Structure formats: C-alpha cells, structure tokens
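Asker: The structure that follows is given in the form of structure tokens.
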Amino acid sequence: MKACIIGAGVGGLACGALLAKNGWEVEIYEKEGIVGGRAMSMELGEEYFKAIKRFNISVLDFSEEYESKEVDLGFHLIGGGKKGGCIRLLNSLGIEIEFIGSKIGFIGEKINYPFLSRFDKIKMMPRIIQLLTTRRSKLEEMKKNSMEEMIKKYGKGKMKEVLEIFPRLITTVNDLSKISAGEVFFAQRELLGGQPVVYPKNGLGEISEKLKEYIEGRNGKIFLSHKVEEIIIEDNVAKGIKTGKEEKYYDTIISTIPLQNIFSIAKEENFPKEWKQYIKNLKPTASLVSYHAIDDFENFKNKSFVFIERNCNFEGNDVVGMIDFKKEGIVQSYAICSPEEAKNKEKMNELMEIIEKNLKKIIPEKKVKWYIYSAVKYLDGVAKTIDCIKPGVATPVKNLYIAGDYVNSKGVGINCAADSSNLISSILSA
C-alpha cells in the first residue's frame with residue numbers, strides 16, 4: 001500500500017513513521033526546504049525572517065544585533081513528559097531523544113518555585129483526583145461546560161489559581177468562558193504522573209530530524225520544496241495529487257496543512273455542505289512569542305515559570321503566559337492572545353510590556369544581550385473550546401485523512417499532532 005502525506009511537520013512525519021513501520025510505502029511532500037512545519041527550528045538570520053512570514057508570524061521588535069542562534073518558529077514546550085503523546089510515539093518507534101523536564105514556578109508579587117508546594121498538593125489532592133479520574137462518559141458531558149463554571153464550583157484558594165492558569169496554558173485560550181472543562185480534564189488525565197513540561201536537549205528540530213531519518217531508513221521518501229497543488233478526487237475517493245507538472249496516485253492521502261485551508265488543494269464541490277461550513281468556522285489560537293539572550297543562565301537553568309496578568313483589556317479579561325529557560329542561553333516566552341488580537345499592533349505592544357514586566361522580576365535588564373518579539377497569528381491549529389470542537393481524522397471523502405494539531409486526538413500542540421498519527425494508523429491497519 002502506498003501513502004501520500006502532505007506536509008512534513010510533526011503530524012505528517014509521525015504518520016509517515018508509523019505507516020512505514022507497518023510496511024506502507026510512504027511519500028511526503030513539503031513545500032518548505034526543511035522539515036518541522038510550525039515546530040521547526042532555524043538559525044536566526046535572513047532565512048529565518050523569510051520563513052516565519054510564510055507561517056503567519058510577524059516580527060514586531062528585535063535587537064539590531066543578535067547572535068546566529070537556533071530558535072524555534074514559536075513557543076513549543078511539550079506537556080506531560082513521558083506520558084505525552086510525542087514521547088510515547090518516539091518510544092514506540094525506538095527513537096531516542098534526550099528531553100529536559102522541569103517543575104513550574106509562578107511569577108507573582110514574589111517568585112515561587114515550584115508553584116505548588118507539597119502542602120498545596122496535599123490540600124488539593126482529593127479534588128484533583130476526583131476531577132482527573134472522572135468517567136470518560138462524564139468527561140464527554142463536561143465538554144459542554146466551561147472552565148468558568150468549574151471555577152465557580154471548585155475554585156477556592158490555591159485551587160482557584162490552578163484552575164485559572166493551567167486550562168489557559170493547555171488550550172492557549174485566555175477566555176475561561178470558552179474553554180471546555182471536559183477537554184482540559186481529559187488532557188490532564190492522560191498526563192497524570194508525567195512531568196509538567198519537557199523540551200529536547202538538542203532543540204525542537206531534533207524531533208523532526210529523527211522522524212525523517214526513521215522514514216528514510218525504511219525506504220520512505222520526503223520531497224522538500226515540493227508543493228501539492230491539488231488532491232485528485234474522483235467519485236468521492238481521494239486517488240492522487242498534482243505537484244508541479246506531475247500527477248501521482250496513491251492508496252491513501254493524509255493532509256496536515258492548516259485544516260481551514262484544505263479547500264485550497266481539495267475542491268469544495270467534493271465535500272458535503274455541512275462539513276465545509278464546519279471546517280471553515282473552526283478557529284485557531286494565537287500568541288506573542290519572544291526570545292531573550294542572557295549571560296547569567298545558571299541560576300535559572302531548566303526552570304519554567306507561569307504568570308497571569310489580571311484585569312487587562314484582552315479577551316477573557318486576564319492574560320496568561322510562560323517563561324522558560326531550557327534552551328541554553330535563550331529565554332523562551334509567550335503570552336496568550338486571540339488571532340484577532342495578534343493582528344492588532346497596539347494589543348501586541350501591550351503584551352510585550354506584560355512579558356517585559358514579568359521577565360524583569362526574575363532577570364535584571366543588564367543581563368539581556370538581545371531579544372526578538374513575534375506575533376504568531378496561527379499557533380495551535382484548532383482551539384479546544386466549547387464552541388470549536390475538533391473534527392476526527394477521517395473526512396467525508398474516502399481515503400482522505402487529516403492529521404496534525406487540528407484533530408480530536410489526545411493533548412495539545414505537538415502531542416496532539418503526534419497522537420493524530422496513532423488514530424490514522426489504527427484505521428488503516430484495521
């Protein structure tokens with residue numbers, strides 16, 4: 001059996017690796033000249049600034065002088081450690097990557113590291129266990145309930161802060177009235193006992209490079225700088241693709257391009273009206289991302305911090321963000337916003353001030369050597385909210401599937417993208 005995969009991001013490469021493992025002939029088409037998609041790593045420089053524009057990322061402010069350091073296109077910590085979908089996938093393929101894990105601190109009036117003391121955990125444990133061990137059927141019902149409702153019911157003391165901050169980080173959405181409680185608790189239950197956040201020691205790009213090696217080691221082919229112009233669909237069956245002047249035919253086709261853009265390569269007339277409207281109405285998430293280079297890294301090495309800016313004029317009234325020190329010499333930070341806010345220069349200036357304020361609480365300004373701020377207008381593929389439910393991996397067209405962080409798989413971001421490959425692999429192996 002022969003599979004075509006459109007896009008060499010984590011989702012596409014994960015699908016390719018699993019199918020190759022199961023004996024499929026795999027061919028992957030990537031329009032960029034490098035693998036990784038929106039989770040790629042590149043050296044700062046002219047090519048980096050060109051690349052991020054193609055991923056709906058715009059540079060807002062940066063130092064005129066900067067080092068040629070490798071950075072990610074966006075902020076991509078991975079939740080859950082060994083319990084997360086990404087590491088579970090790598091382990092199933094026998095791919096070894098060293099990950100750095102950490103606890104999470106909190107930037108408030110004072111710096112608390114870790115955020116939750118042993119006493120906090122003991123006090124909250126009965127309620128946390130109750131929420132995280134809820135029956136699957138009950139969690140499905142809770143998908144229609146917002147985190148705002150859950151906080152009114154369970155939010156007291158430190159538990160209130162936990163329920164205000166971590167659901168926002170899990171979904172990359174600030175508005176608690178839109179965040180699905182069922183989705184949050186389901187995602188957290190899957191990570192029960194895992195590390196809060198991890199990052200590859202050699203950078204995010206190592207994940208994609210290792211998956212690429214695995215695929216090519218099993219005779220799979222990855223065509224870089226090859227754009228797919230059209231998916232060939234006949235009689236409600238996906239049969240092949242058009243790329244350049246070629247038409248190529250396959251037994252199955254998997255698309256990992258932004259789901260709302262699928263009709264740019266698959267003619268709308270091939271899909272039911274209801275499904276087309278549903279896909280077009282799906283909303284992504286967004287954020288402001290920054291990188292700061294600092295001299296004194298040892299005091300903060302391998303630590304991560306969260307913050308919350310209350311009563312500000314953003315969707316949801318509060319802004320939550322994260323500051324991380326896992327990439328040697330580089331501080332990665334982000335603040336959550338909506339896609340509309342990411343396009344608003346004034347809003348982005350406000351977010352830059354929020355990140356700067358929180359950074360100054362832990363890093364004296366004199367230690368910052370250079371910085372770069374970018375607005376990511378399209379971060380996670382589809383927001384996990386009560387009014388934006390992710391679709392399954394199968395489309396109404398036979399033999400056409402979707403993968404990446406656009407589908408209803410476990411976790412968010414890279415974990416969601418990696419786990420989407422398990423769903424597709426199980427269908428194609430049945």
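Bear in mind that the values in this text are calculations on the coordinates, not laboratory data. Worth saying up front: this structure is predicted, and the values here are computed from it rather than measured. Here Cβ is always computed from backbone atoms with ideal geometry, including for glycine, and neighbour counts include all displayed protein chains.
Asker: Tilt of helix 158-171 relative to the longest C-alpha principal axis of the chain, in degrees (0 to 90, nearest 10)?
Answerer: Here the helix axis deviates by roughly 30 degrees.
Asker: Taking neighbour Cβ counts within 10 Å as the exposure measure, how do 256, 243, 395, 171 sort from fewest upward?
Answerer: Ascending number of Cβ neighbours within 10 Å: 243, 395, 171, 256.
Asker: Excluding residue 337 itself, what net charge comes from residues whose Cβ is under 15 Å from its Cβ, given Lys and Arg +1 and Asp and Glu -1?
Answerer: That sum, taken over residues with Cβ under 15 Å, equals -3.
Asker: Need the C-alpha centroid separation for region 27-55 versus region 344-403, integer Å.
Answerer: 17 Å
Asker: A follow-up question, please. Please give, to one decimal in nm, the separation of the simple spin-label points placed at residue 95 and residue 408, each 7 Å out from Cα toward the Cβ.
Answerer: Distance between the two pseudo-spin positions: 2.7 nm.
Asker: To check you understand DSSP bridge types, tell me what percent of the beta bridges within the chain (both residues inside) are antiparallel, rounded to 5.
Answerer: Antiparallel: roughly 70 percent of the beta bridges in the chain.
Asker: Which angle between 0 and 90 degrees, to the nearest 10, do you get for helix 413-429 versus the longest principal axis of the chain when only C-alpha atoms count?
Answerer: 30 degrees
Asker: Angle between the Cα long axis of helix 118-132 and the longest principal axis of the chain, 0 to 90 degrees, nearest 10?
Answerer: Approximately 40 degrees, to the nearest 10.
Asker: Which whole-number percentage describes the relative contact order of region 1-94, with Cα contacts under 8 Å and a sequence gap of 6 or more?
Answerer: 26 percent
Asker: Sticking with the crude label model, points 7 Å out along Cα→Cβ, report the distance from residue 59 to residue 177 in nm, one decimal please.
Answerer: 3.9 nm
Asker: While we're here: Mean-square fluctuation check for the chain, GNM, Cα pairs under 10 Å: which of 251, 235, 380 is largest?
Answerer: 235
Asker: Right, here's the next one. About the Cα centre of the chain, how large is the charge dipole given +1 on each Lys and Arg Cβ and -1 on each Asp and Glu Cβ? Please answer in debye to the nearest 20.
Answerer: Dipole magnitude for the chain comes out near 1620 debye.
Asker: If I stretch the segment between residue 82 and residue 103 completely, what's the gain in nm (0.36 nm per residue apart, minus their alpha carbon distance), one decimal?
Answerer: 6.1 nm
Asker: Which value at 222 nm does the chain reach when only helices count, each DSSP H run of 4 or more adding -39,500 (n - 2.57), with the total divided by all residues and rounded to the nearest 500 deg cm²/dmol?
Answerer: -10000 deg cm²/dmol
Asker: Something else: If each residue of separation counts as 0.36 nm, what is the full-extension length gain between residue 340 and residue 135 once their alpha-carbon separation is subtracted?
Answerer: 70.2 nm
Asker: Using the 10 angstrom Cβ neighbour count as an exposure proxy, how do 390, 283 rank, fewest first? Could the numbers behind the result be given before it?
Answerer: Working: 390 22, 283 17.
Fewest to most other Cβ atoms nearby, the residues stand as 283, 390.
Asker: Further question on the same structure: What is the sum of charges around residue 267, taking Lys and Arg as +1, Asp and Glu as -1, for the other residues whose C-beta is under 12 Å from the C-beta of residue 267?
Answerer: -3
Asker: On a 28 Å Cα-Cα criterion, which of the cross-link pairs 31/143; 103/210; 82/210; 50/345; 326/410; 50/210 come out too long?
Answerer: Exceeds cut-off: 31/143.
Asker: Using the alpha-carbon centroid of each, what span in Å lies between region 139-171 and region 67-93?
Answerer: Going from one Cα centre to the other spans 26 Å.
Asker: Treat each spin label as a single point 7 Å out from the Cα along the C-beta direction, and report the residue 242 to residue 268 distance in nm.
Answerer: Once both label points are built, they end up 1.8 nm from each other.
Asker: Just need the relative contact order of the chain here, percent rounded to a whole number, with Cα pairs under 8 Å and 6+ apart.
Answerer: 26 percent
Asker: Sort the following peptides by mean Cβ neighbour count (other Cβ atoms within 10 Å, averaged over residues), highest first: 337-347, 68-78, 102-112, 14-24.
Answerer: 14-24, 68-78, 337-347, 102-112
Asker: Using +1 on the beta carbon of Lys and Arg, -1 on that of Asp and Glu, and nothing else charged, what's the dipole of region 302-430 about the Cα centre, debye to 20?
Answerer: For region 302-430, the charge dipole is close to 420 debye.
Asker: What residue among 45, 182, 11 shows peak mean-square fluctuation when the chain is described by a Gaussian network model with Cα springs under 10 Å?
Answerer: Residue with maximal mean-square fluctuation among 45, 182, 11: 45.
Asker: Still on this structure: So for region 217-295, if I pair up every lysine 8 or more residues apart or on another chain, how many of those pairs have alpha-carbons under 16 Å apart?
Answerer: 9
Asker: Here are labelled values, [x] 1.12; [y] 1.02; [z] 0.96, and one is the computed Rg/Rh (Cα atoms, Kirkwood Rh) for what I pasted. Which one?
Answerer: Given [x] 1.12; [y] 1.02; [z] 0.96, the structure-derived one carries the label [z].
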